[in-house]
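Worksheet for the structure shown next.
Read-outs: derived from the displayed coordinates by stated rules, not from any lab. All figures in this text were calculated on a predicted structure; none of them were measured in a lab. Cβ placement follows ideal geometry from the backbone for every residue including glycine, while neighbour counts extend to all protein chains displayed.
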Amino acid sequence: MIGKKILHYNIVKKLGEGGMGVVYLAEDTRLDRQVAIKFLPGHIATDTEARQRFEIEAKAAASLNHPNIANDPRYRTCRRRCVYFVMEYIDGQADAKCMRLPDWNGCPDRTAGTDIAIQIAKGLQAAR
């Protein structure tokens, strides 16, 4: 997928994947910005139920409005086996050392770890 173009999005790199999708960093050539694109994996994109769950996820994401949650999703299909939604890309990641549970012993700065946890909690509270 890297190097391909979907509509006006150039796929740059893979950011991650899970059971319901693969997320890529892409360049939006119309708006000159980076976006994240989540694709429903091809092997389940033809499954009507999986497509419905994916669409529900996109709609749920669109209903959220909080600074700690990526927003602005746009749901699209390009072929029967290509289902995706485009959303805001937020650069950065949590320091994994600071997110270890049950304690924060690996975190060089417990204040930074606490700040990350508070931001996550605020985003989750807005999503409930």
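Points worth noting:
- Spin-label model, ASN10/GLU88: points 7 Å from Cα along the beta carbon direction are separated by 2.5 nm.
- Label-to-label distance, nm, for residues given as ASP115 and LEU31 (7 Å Cα→Cβ offset): 2.7 nm
- Computed label-point distance, nm, for sites ARG51 and GLN125 using a 7 Å Cα→Cβ extension: 4.0 nm
- Net charge over other residues, Cβ less than 14 angstrom from the Cβ of LYS14 (K, R count +1; D, E count -1): +2
- Anisotropy class assigned to the stretch 1-68 is oblate, per the alpha carbon gyration tensor with a/c at or over the 1.5 cut-off and a/b no larger than b/c.
- Entries in LYS59/LYS122; LYS4/LYS38; LYS38/LYS59; LYS5/LYS122 that, when Cα-Cα distance is taken, lie over 24 Å: LYS5/LYS122
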